[in-house]
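Encoded as structure tokens, the structure appears first; notes follow it.
The values are calculated or read from the model by the stated rules, or taken from the named source; none is laboratory data. Keep in mind the model is a prediction, meaning the values are calculated, not measured. Glycine also receives a Cβ, built like all others from the backbone with ideal geometry; neighbour counts cover every protein chain displayed.
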Ligand code: BT5
């Protein structure tokens, strides 16, 4: 077992340590995902290795976007999984699984507020983004680095977009990084083990049902922006067995399955 040595002593992560096969705390890093993708080339980083910082200087979002959080203000965590019970065709479930784990984390901490999972994996409180997920396949195609950012201590002025929030802004105070991280890792590990036990079957493992249960997207009118920049409006009707969002269109009447893209919740 390896830990972050001297760095880890500066930050007590003893509760979180229990859930990681290897845990490294970094005082500063460009991107925990980039770092762990590089480390993943080495088998000394086993399944469920974790890298964490509260000072990520070049955080990455999906589709080359940026994740921004000031020093000491947010949690950035990346988890390396090397599944043996199922193959790459099931990897599309990791972002949703991580979003669900983060949803559980946030919901367990805040007293009041509506916590929702906006497809595919933004956690929002009262419609404001508190967490984002970026999952990336390792160079050998046999693993995934699941990155998550969670806003902890930012004031409104310290957040990069107006439609964002932090745990502090939701009235959660007096917690340590370890308090938050242990909830996320425990939730993610449970979901991952259940999913592995069922060879990556989202129905038998209960993952699909749990994701649908906390989804704030299903049932809403949404505008979908596809990676090719085309857009359409419809009603989010469900999530299929591959984690795709099913959107019902009126004209022509059809259901479209969206694998990758951005969703805007429209007012009903
Ligand atoms: C995400 O992308 O939300 C994925 C964010 C993943 C960050 C983690 S931190 C650990 C790991 N290491 C990394 O380098 N990344 C991962 P996306 O859905 O594309 O959303 C990006 C958009 O969210 C930006 O364009 C902003 O509009 C907004 N945004 C950026 N920073 C934010 C923040 N701190 N809070 C809320 N919204 C933010």
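With the structure loaded, tell me whether residue 70 is over 14 Å from the mean Cα position of the chain (by Cα) and away from the ligand (no atom under 13 Å from the Cβ) or whether it fails that test.
no
Looking at the stretch 115-139, which of its residues are modelled with pLDDT under 95 and out of contact with any strand residue (DSSP E or B) (no Cβ under 6 Å at 6 or more places or on another chain)?
The one that is modelled with pLDDT under 95 and out of contact with any strand residue (DSSP E or B) (no Cβ under 6 Å at 6 or more places or on another chain): 120.
Answer with yes or no whether residue 255 is away from the ligand (no atom under 16 Å from the Cβ), within 21 Å of residue 92 (Cα to Cα), in contact with a strand residue (DSSP E or B) (Cβ under 7 Å, 6 or more places away or on another chain) and at pLDDT 95 or above.
Here the answer is yes, as residue 255 does meet what is asked.
So, in the stretch 134-186, how many residues would count as being within 11 Å of the ligand (Cβ to nearest atom), under 17 Å from residue 55 (Cα atoms) and more than 17 Å from the chain's Cα centre (by Cα)?
Adding up the residues that qualify gives 4.
Could you tell me which of the residues 93, 119 is away from the ligand (no atom under 13 Å from the Cβ) and either surrounded by 19 or more Cβ atoms within 10 Å (Cβ to Cβ) or not assigned by TED's automatic domain parsing to the domain that holds residue 32 (or both)?
So the residue among 93, 119 that is away from the ligand (no atom under 13 Å from the Cβ) and either surrounded by 19 or more Cβ atoms within 10 Å (Cβ to Cβ) or not assigned by TED's automatic domain parsing to the domain that holds residue 32 (or both) is 93.
Please work out if residue 46 is closer than 22 Å to residue 187 by Cβ, at pLDDT 95 or above and within 14 Å of the ligand (Cβ to nearest atom).
no
For the stretch 234-268: of the residues being surrounded by 17 or more Cβ atoms within 10 Å (Cβ to Cβ) and not in a strand (DSSP E or B), which is nearest to the chain's Cα centre (by Cα)?
Here the answer is 243.
Any residue in the stretch 115-126 that is free of Cβ contacts under 8 Å to residues at least 24 places away in the same chain sitting within a Cβ distance under 8 Å of a residue that is near the ligand (Cβ under 9 Å from one of its atoms)? List the pairs, counting only those 6 or more apart or interchain.
Listed by first residue and then by second, the contacts come to 122/129; 122/131; 122/132; 122/133.
May I ask you to list pairs of residues, at least six apart or on different chains, whose Cβ atoms are under 7 Å apart, with the first in the stretch 46-72 being on the phi > 0 side of the Ramachandran plot and the second being within 9 Å of the ligand (Cβ to nearest atom)?
Partner pairs satisfying both residue conditions: none exist.
Restricting to the stretch 140-179, name every residue that is in a helix (DSSP H, G or I) and touching a residue at least 12 places away in the same chain (Cβ under 8 Å).
156, 158, 168, 169, 170, 177, 178, 179
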